[in-house]
Ligand SMILES: [Zn+2]
């Protein structure tokens with residue numbers, strides 16, 4: 001079992017295989033509900049994840065920032081990874097210098113992608129970087145994600161309450177192996 005953040009939980013079949021319950025608080029998915037549509041637990045209000053590792057899409061200011069703000073994305077991604085999240089950044093999918101509209105279309109398509117051929121969203125939620133409200137692109141992405149019931153939180157709110165402060169200090173340490181194109 002991988003270590004995951006305290007902010008997320010999985011839904012599990014209970015032992016008599018008749019009920020689907022929250023792995024953290026025991027809340028039961030109402031009968032007749034498709035569990036794939038449950039994004040937040042009705043009891044503990046944690047975000048429900050559908051893989052072993054919760055996966056977040058990072059959004060934030062890019063245009064007009066030095067090096068398209070890669071360093072900030074990389075640093076936040078490293079912190080979230082230490083708390084058990086897998087994270088993708090728009091930079092993983094968009095070449096430097098891509099025209100804004102084309103970049104936005106690529107990023108939004110990625111953000112909304114399903115996992116493989118399934119109907120389960122690839123991302124369990126959206127993590128907003130500082131200053132996202134001032135970014136036209138990030139605001140558009142946030143508004144779309146929120147309207148489509150994807151859990152959206154400022155990135156720090158995804159961290160476990162127990163995540164040590166020291167974790168924040170060594171944030172920029174991010175191995176190239178783990179961040180190929182960020
Ligand atoms: Zn719960």
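The values are calculated or read from the model by the stated rules, or taken from the named source; none is laboratory data. In this text the structure is predicted, and so the values were computed from the model without any measurement. Ideal geometry is used to build each Cβ from the backbone, glycine not excepted, and the neighbour counts take in all protein chains shown.
With respect to residue 64, determine if the residue is assigned to a loop (DSSP other than H, G, I, E, B) and within 23 Å of residue 137 (Cα to Cα).
Answer is yes for this residue.
State all residues of segment 41-100 that are within 16 Å of the ligand (Cβ to nearest atom), farther than 14 Å from residue 5 by Cβ and in contact (Cβ under 8 Å) with a residue 60 or more places away in the chain; if no residue qualifies, say none.
Passing the criteria: only 50.
Here's the yes/no breakdown for (1) at pLDDT 95 or above; (2) surrounded by fewer than 20 Cβ atoms within 10 Å (Cβ to Cβ); (3) in the same structural domain as residue 152 (by TED's automatic domain parsing):
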site: 37; (1), (2), (3): no, yes, no
site: 59; (1), (2), (3): yes, no, yes
site: 71; (1), (2), (3): yes, yes, yes
site: 77; (1), (2), (3): yes, no, yes
site: 105; (1), (2), (3): yes, yes, yes
site: 116; (1), (2), (3): no, yes, yes
site: 121; (1), (2), (3): no, no, yes
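Please give the number of the condition residue 5 fails out of (1) in contact with a helix residue (DSSP H, G or I) (Cβ under 8 Å, 6 or more places away or on another chain); (2) modelled with pLDDT of 90 or more; (3) within 14 Å of the ligand (Cβ to nearest atom).
Status for residue 5: all satisfied but (2).
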